[in-house]
1. Of all residues in segment 89-107 being under 18 Å from TYR44 (Cα atoms) and surrounded by fewer than 19 Cβ atoms within 10 Å (Cβ to Cβ), which is farthest from the chain's Cα centre (by Cα)?
2. Exactly one of these conditions fails for GLY145: (1) of a type outside the set (A, V, I, L, M); (2) closer than 16 Å to ALA71 by Cβ; (3) out of contact with any Phe, Trp or Tyr (no Cβ under 8 Å at 6 or more places or on another chain). Give me its number.
3. If only one of TYR44, TYR56 is part of a helix (DSSP H, G or I), at pLDDT 95 or above and of a type outside the set (A, V, I, L, M, F, W, C), which one is it?
4. Does SER69 satisfy the criteria of being hydroxyl-bearing (Ser, Thr, Tyr), over 20 Å from PHE153 (Cβ atoms) and either in contact (Cβ under 8 Å) with a residue 40 or more places away in the chain or in contact with a His (Cβ under 9 Å, 6 or more places away or on another chain) (or both)?
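The values are calculated or read from the model by the stated rules, or taken from the named source; none is laboratory data. Predicted model only: the values in this text are computed from it and were never measured. All Cβ positions, glycine included, derive from the backbone under ideal geometry; neighbour counts span all protein chains shown.
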Amino acid sequence: MLWCTDADRVRIGTGLESIDEVMLKSILTFARGHPLLANRVMRYLVVGGSATAVNYISRFGWSLILPFSLAVPAAYLTGMIFSFPLYRHFVFPQSHRSVHQQVSGFVVVNILGITQVWLVSLALSQHVLPLLGGGTFSSQAIGHGIAVTVPIFSSYVGHKHLSFRGTHTSAS
């Protein structure tokens, strides 16, 4: 069940599924059949790019209530919450690991990612970009924008081999 109330549930196939689940399955069936998204790496880039956008944009909101050094990890966590169900259902749907094992692996992989993003964000925004004449807002925006791209490769490898290992598809 994704997000639904009992009133939203409908009988589909052999059991009850939420309307959200039915819609998600329809979208996934369509997307998996699309030539550009037939490859897992392409699906990873779409989901990861969406999560990166959520991370980046939410940091501006977090910065209204938190200092930059705390807004960066809060934004990363926001992107993680957004991305886990998408990775699980869209990129690595055939994993044979339990949800608990997937979440545990996902957290471990993202500890590396959040560390990379935090360190690069702070280094660029507080040390490098101010030397180039950037103000606080622009240094933070540019520094975080660059930093969110850093863990792309390590996250893919980590999710494939740890979070969702046991995934068997032909398009890896």
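1. Here is the first cut: in segment 89-107, the ones under 18 Å from TYR44 (Cα atoms) are 89-95, 102-103, 105-107.
Then drop every residue that is not surrounded by fewer than 19 Cβ atoms within 10 Å (Cβ to Cβ), which leaves 89, 93-94, 103, 107.
Details: HIS89: 12, PRO93: 15, GLN94: 18, VAL103: 12, VAL107: 11 Å.
This residue is GLN94.
2. Failing condition for GLY145: (3).
3. Going through TYR44, TYR56 in turn, the sole match is TYR56.
4. Spelling it out, SER69 is indeed hydroxyl-bearing (Ser, Thr, Tyr), over 20 Å from PHE153 (Cβ atoms) and either in contact (Cβ under 8 Å) with a residue 40 or more places away in the chain or in contact with a His (Cβ under 9 Å, 6 or more places away or on another chain) (or both).
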